[in-house]
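These notes concern the structure reproduced below.
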């Protein structure tokens, strides 16, 4: 990673670029409407490497609890530590917004994301059966949590 990593808030003008990354990264991506609603209600961020968009993330903070709703790094930029950088940034945002704990759901089959969350300090606390749409049916979500403030 020779170029500096930077972050900025996501805007409606970013949606086409966000969707391009989202659709490249996931079999069941978020929709334009989901992102438009998220920009109005949640903390939505874009991640750049130099001038190139490499990812995005969405967190929701209610009182003292954060929920990581979306974290995406474009496929050709994965495997270089950018997911961890994005996760760290989003968790810092959650802390700034006074969250003491963060929760997330991850597909049971998404072992690379599961390991990323574990590396950060998330622990598995439950399972939601048939939570995600999947090719040929539904897939379980593993629920994970992390304490942000001591």
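Read-outs throughout are calculated quantities, based only on the coordinates presented, and are distinct from any laboratory measurement. These numbers come from a predicted model, not from an experiment. So basically every Cβ, Gly included, is an ideal-geometry build from the backbone, and we count neighbours across all protein chains shown.
General remarks:
Results for (1) loosely packed, with under 14 Cβ neighbours inside 10 Å; (2) under 26 Å from residue 109 (Cα atoms); (3) in contact with a strand residue (DSSP E or B) (Cβ under 7 Å, 6 or more places away or on another chain); (4) touching a residue at least 24 places away in the same chain (Cβ under 8 Å), shown as yes or no for each residue.
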residue: 13; (1), (2), (3), (4): yes, no, no, no
residue: 18; (1), (2), (3), (4): no, yes, yes, yes
residue: 30; (1), (2), (3), (4): no, yes, yes, yes
residue: 36; (1), (2), (3), (4): yes, no, no, yes
residue: 55; (1), (2), (3), (4): no, yes, yes, yes
residue: 69; (1), (2), (3), (4): no, yes, yes, yes
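- Test: residue in the stretch 105-123 that is farther than 17 Å from residue 57 by Cβ and part of a strand (DSSP E or B): yes
- Members of the stretch 33-48 found to be out of contact with any helix residue (DSSP H, G or I) (no Cβ under 7 Å at 6 or more places or on another chain) and outside any loop (DSSP other than H, G, I, E, B), listed by number: 33, 34, 37, 38, 40, 41, 48
- Going through (1) under 18 Å from residue 141 (Cβ atoms); (2) in contact with a strand residue (DSSP E or B) (Cβ under 8 Å, 6 or more places away or on another chain); (3) loosely packed, with under 15 Cβ neighbours inside 10 Å one by one, residue 112 falls short only on (2).
- Counted residues, the stretch 49-60 - those being closer than 28 Å to residue 148 by Cα and either out of contact with any helix residue (DSSP H, G or I) (no Cβ under 6 Å at 6 or more places or on another chain) or assigned to a loop (DSSP other than H, G, I, E, B) (or both): 2
- Of all residues in the stretch 75-102 being in contact with a strand residue (DSSP E or B) (Cβ under 6 Å, 6 or more places away or on another chain) and part of a loop (DSSP other than H, G, I, E, B), the one that is farthest from residue 125 (Cα to Cα): 97
- Comparison of 121, 83 shows that the only residue that is at negative phi and under 16 Å from the mean Cα position of the chain (by Cα) is 83.
- Residues satisfying the stated conditions in the stretch 92-105, i.e. buried (at least 21 other Cβ atoms within 10 Å of the Cβ) and either closer than 21 Å to residue 53 by Cβ or touching a helix residue (DSSP H, G or I) at 6+ places or on another chain (Cβ under 7 Å) (or both): 102, 104
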